[in-house]
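The values are calculated or read from the model by the stated rules, or taken from the named source; none is laboratory data. A quick note: this is a predicted structure, and the numbers were derived from the prediction, not measured. Please note: Cβ atoms are built from the backbone with ideal geometry, for glycine as well, and neighbour counts cover all protein chains shown. Only protein heavy atoms, including side chains, enter the accessible area calculation; ligands, DNA and RNA are left aside. Shrake-Rupley method; radii C 1.70, N 1.55, O 1.52, S 1.80 Å.
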Amino acid sequence: MTTTATEESLWVRCFHPAPERPVQLVCFPHAGGSASFYFPVSAQLQTTAEVFAVQYPGRQDRRRETSPGDLHTLADQVHGALRDSLRGHRPTVFFGHSMGATLAFEVARRHEAQGGRIAHLFASGRRAPSRVRDEHVHRLSDEQVVEELKLLAGTDTALLGDDEILRMILPAIRSDYEAIETYRCTPGATVAAPITVLTGDSDPKTSRDEAESWRDHTSGPFDLHVRPGGHFFLGSDAPAIIAMLRTVLTASS
């Protein structure tokens, strides 16, 4: 399948175009998240890399589309949209948070299976693909889903009190939860890309042992960083994470 420019523009946002940069960073949002979550990352790294963020169906300007509710299907769709960009001459680094970490891993697998290379994969706020918990948030009532979001503090809590906005975003959130909660990794699946794992020391969704298990999913170097904070430690720990990304991006270029 040939990817059209229109298809890629649906799936990818570039807030600070920098085609002259020698390396590119592709960011994958969390469940319920959107590309705009990574606007600050793009702003801070624009002098180092050209930063892209994936926009899933069912939110913001894609709110009338239906999210697949299956992570493997979503990975196929994202990989199809990114295929031409990934075949470019620049090294590519992936960064994914929560559901986005697993999705980035699956897209990297697809790219490598077609002879491509990912220079580095950052997996943030998510247990290893082979580590499964019995979770079913996607089957809960709307009120219970909102409580889960408040617990994780992954969505602006002011928005969670707005019924109109909730009606708009809950279908996408529920589909994302279904995708990640029903996901099962192919046994023995690995990538060749080096993997750096970031996890919060008080994240209820990922234990240190579950984060450490990412080691089994790369044939390359592995590194684990336990950061202070919960599931969305990225906000409070942003300077350190930006510095880490800049170091890897510079080395990859």
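Structural remarks
- First in the stretch 174-190 and within 12 Å of Ser130 (Cα to Cα) and part of a helix (DSSP H, G or I), second anywhere and of a type in the set (Ser, Thr, Tyr) and open to solvent by 70 Å² or more (accessible area, probe 1.4 Å), Cβ under 9 Å, 6 or more apart: none
- Qualifying residue in the stretch 37-56 (condition: in contact with an Asp or Glu (Cβ under 6 Å, 6 or more places away or on another chain) and either closer than 28 Å to Thr218 by Cβ or surrounded by fewer than 24 Cβ atoms within 10 Å (Cβ to Cβ) (or both)): no
- Tally of residues being of a type in the set (Asp, Glu) and open to solvent by less than 40 Å² (accessible area, probe 1.4 Å) across the stretch 64-123: 1
- Count of residues meeting criterion [open to solvent by 50 Å² or more (accessible area, probe 1.4 Å), modelled with pLDDT under 75 and hydrophobic (A, V, I, L, M, F, W, C)] in the stretch 124-164: 4
- Segments classed as helices (runs of 4 or more DSSP H), wholly inside the stretch 1-105, with at least 1 members that are among the aromatic types (Phe, Trp, Tyr): 5-11, 39-45
- For the stretch 237-250, the condition holds for no residue, the condition being that it is among the small types (Gly, Ala, Ser) and not in a helix (DSSP H, G or I).
- Pair list, Cβ < 8 Å and 6+ apart or interchain, from the stretch 68-86 residues that are touching a residue at least 12 places away in the same chain (Cβ under 8 Å) and of a type in the set (Ser, Thr, Tyr) to residues that are surrounded by fewer than 19 Cβ atoms within 10 Å (Cβ to Cβ) and outside any helix (DSSP H, G or I): Ser85/Val12
- Scanning the stretch 191-211 for residues that are without any contact (Cβ under 8 Å) to a residue 60 or more places away in the chain and in contact with a Leu (Cβ under 7 Å, 6 or more places away or on another chain) returns no hits.
- A single member of Val51, Val78, Val107 is of a type in the set (A, V, I, L, M) and over 30 Å from Pro228 (Cβ atoms), and it is Val78.
- Taken over the stretch 10-36, the criterion of being of a type outside the set (Lys, Arg) and open to solvent by 40 Å² or more (accessible area, probe 1.4 Å) is satisfied by Leu10, Cys14, Phe15, Pro17, Pro19, Glu20, Pro22, Ser36.
- Identity of the residue in the stretch 166-223, at pLDDT below 95 and of a type in the set (Lys, Arg), that ends up surrounded by the fewest Cβ atoms within 10 Å (Cβ to Cβ): Arg167
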